[in-house]
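Structure first, commentary second.
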Amino acid sequence: MVIMMKALKLDPRQDKLIRIFAALGSPARIRILEILAEAPNSIVADLVSRLPLAQATISQHLKVLQDAGLIHDERGGAGRCCLLNYGALADFAQCVVGWTLGLAATATGKKEESSCTN
């Protein structure tokens, strides 16, 4: 049985939050980001050696992280080098803080502007 849901109209800030939260919704992707923070110039083979997942599965997780803008890659002689997108991570952190402050301000009747950029 398929249940059809109506699409919600989102502003760019909401869409950005949802894309990144969805990308972070997997323990494997969280661990991949942690590994890339620990070893900034990791190639896919390094991730395969550190995770109990098949190379194809890791590549799928990398694609989700890349589509969300959290990582980027560089092709090199040894393989595909995966790099954190520090600017996107910092922007996401600022966006989450602005969003949560906005929720709190709404709940208390105060007006708070979000600091999230598109």
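The values are calculated or read from the model by the stated rules, or taken from the named source; none is laboratory data. Keep in mind that what you see is a predicted model, and the values were worked out from it rather than measured. Reconstructed Cβ throughout: ideal geometry from the backbone, glycine too, with neighbour counts over all protein chains shown.
So the values come out like this:
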| item | result |
| --- | --- |
| Sole exception among (1) modelled with pLDDT of 95 or more; (2) surrounded by 13 or more Cβ atoms within 10 Å (Cβ to Cβ); (3) under 14 Å from N85 (Cα atoms) for A28, by number | (3) |
| Subset of region 31-56 [of a type in the set (A, V, I, L, M, F, W, C), under 17 Å from E74 (Cβ atoms) and free of Cβ contacts under 8 Å to residues at least 12 places away in the same chain] | A39 |
| Residue within region 53-69 that is under 18 Å from the mean Cα position of the chain (by Cα) and either in a loop (DSSP other than H, G, I, E, B) or within 26 Å of L103 (Cα to Cα) (or both) present | yes |
